Amino acid sequence: MTPDLNLHQLRTFVAASDSMSFIGAADTVHRSQAAVSMQIMKLEATVGQALFARHTRRIELTAAGERLLPYARQMLALEAQALAALRTQEVVGRVVLGAPDDYVASLLPPVLERFTKLFANVEIELVCLQSTLLRPLLQKGQIDLALMTRAEELEGTLIRREEMVWVGSQRHAVWKKSPLPVALFDKGCMAREHTLAALEKSGRPYGASYSSPSLLGIVAMVDAGLAVAALAECSIPPHLVRLGDAEGLPPLAPLELVLLRGRGSNTPAVACLAGEIMAALRPLRTVA
């Protein structure tokens with residue numbers, strides 16, 4: 001008899017693979033660490049293979065775990081969509097969603113379009129702020145959901161890893177200058193930290209004299225030939241030139257996009273929007 005895959009166990013498996021920790025998974029699925037370990041053991045017994053290699057302070061996916069992960073994500077996404085379809089007529093309310101302007105412009109339009117068709121009785125208020133400014137609003141319960149960049153002290157459900165790419169103007173070969181002029185997001189932004197870390201590691205002289213809290217400001221500086229910049233791949237305007245090793249620019253660490261709920265935000269409307277965001281934006285396999 002073919003064994004059945006349990007969705008609760010798969011949800012715990014995905015949470016553990018996202019955080020690479022049974023403790024982190026316990027926080028995500030609201031169970032004890034012992035219960036998480038038991039669910040993973042039952043899932044491993046079902047598939048007949050170890051899904052995680054256990055180390056002293058961390059876990060990592062085995063080859064079998066890597067193979068199962070995209071299917072687990074698909075099954076959970078399909079479950080969320082099926083439940084959302086059944087709740088369409090009964091869910092009402094208001095959701096305050098926060099995100100930086102680059103994610104709002106590049107990732108959220110198709111999600112919000114689909115959501116409003118499914119849940120016509122749910123009102124969405126959009127708050128466009130950089131991730132550093134969204135954190136206190138979440139803690140105060142002034143925002144229900146936030147799609148934002150993960151910082152070291154920030155947990156949340158991993159949505160995807162977004163590559164960072166150097167960009168410049170087609171009309172200005174600014175990357176040939178020394179020191180290299182760089183446009184940066186404001187202090188506290190993870191994109192800024194990754195950019196500066198890559199430049200420091202490379203040893204290339206640079207000048208960080210241009211900064212902006214918004215994608216629009218950064219793009220304006222690049223367009224004007226004042227600087228190069230490093231942007232999340234999803235938010236690169238098509239008219240900018242992608243740069244890299246050939247132009248003497250160092251590789252950049254990816255950004256982690258996470259979804260967080262605000263304090264006390266546990267309404268059906270919030271749950272449905274969170275499910276739509278995860279189903280739409282999570283790839284079958286995140287970037288390693």
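Rundown of residues vs (1) over 21 Å from Leu260 (Cα atoms); (2) open to solvent by 20 Å² or more (accessible area, probe 1.4 Å); (3) free of Cβ contacts under 8 Å to residues at least 12 places away in the same chain, yes/no style:
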{"residue": "Arg11", "(1), (2), (3)": "no, yes, no"}
{"residue": "Leu51", "(1), (2), (3)": "yes, no, no"}
{"residue": "Ala80", "(1), (2), (3)": "no, yes, no"}
{"residue": "Val91", "(1), (2), (3)": "no, no, no"}
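Among the residues of this structure, Val95 counts as one that is part of a strand (DSSP E or B), modelled with pLDDT of 95 or more, β-branched (Val, Ile, Thr) and closer than 23 Å to Thr28 by Cβ. Could you tell me whether any residue of the stretch 143-166 is more than 12 Å from the chain's Cα centre (by Cα), open to solvent by 30 Å² or more (accessible area, probe 1.4 Å) and of a type in the set (A, V, I, L, M, F, W, C)? No, the conditions are met nowhere in the stretch 143-166.
The residue pairs whose first member lies in the stretch 251-269 and is on the phi > 0 side of the Ramachandran plot, whose second member is open to solvent by less than 50 Å² (accessible area, probe 1.4 Å), and whose beta carbons are closer than 7 Å, counting only pairs six or more residues apart or on different chains, are Gly264/Gly141.
Select from the stretch 4-55 the residues that are of a type in the set (D, E, K, R) and part of a loop (DSSP other than H, G, I, E, B) and write down the one among them that is nearest to Pro70 (Cα to Cα). The qualifying residue nearest to Pro70 (Cα to Cα) is Asp4. Residues of the stretch 109-129 that are touching a residue at least 60 places away in the same chain (Cβ under 8 Å), closer than 23 Å to Pro237 by Cβ and open to solvent by less than 70 Å² (accessible area, probe 1.4 Å): Val111 alone.
Filtered by the rule that a residue be more than 19 Å from the chain's Cα centre (by Cα), surrounded by fewer than 20 Cβ atoms within 10 Å (Cβ to Cβ) and on the phi < 0 side of the Ramachandran plot, the stretch 13-41 gives Ile23, Arg31, Ser32, Gln33, Ala34, Ala35, Ser37, Met38, Met41. If you go through the stretch 204-218 and keep only what is without any contact (Cβ under 8 Å) to a residue 60 or more places away in the chain, under 16 Å from Ser131 (Cβ atoms) and of a type in the set (Ser, Thr, Tyr), you end up with Ser211, Ser212.
Once the stretch 207-247 is narrowed to residues that are open to solvent by less than 40 Å² (accessible area, probe 1.4 Å) and assigned to a loop (DSSP other than H, G, I, E, B), the residue that is nearest to Ala151 (Cα to Cα) is Ser214.
Among Glu66, Glu44, which is the only one that is under 24 Å from the mean Cα position of the chain (by Cα), open to solvent by 20 Å² or more (accessible area, probe 1.4 Å) and acidic (Asp, Glu)? Being under 24 Å from the mean Cα position of the chain (by Cα), open to solvent by 20 Å² or more (accessible area, probe 1.4 Å) and acidic (Asp, Glu) holds for just one of Glu66, Glu44, which is Glu66.
The values are calculated or read from the model by the stated rules, or taken from the named source; none is laboratory data. Because the structure is predicted, anything quoted here is derived from the model rather than measured. Using ideal geometry, Cβ is built from the backbone for each residue, glycine included, and neighbour counts are taken over all protein chains shown. The accessibility values were calculated without ligands, DNA or RNA, using every heavy atom of the protein model including side chains. Shrake-Rupley method; radii C 1.70, N 1.55, O 1.52, S 1.80 Å.
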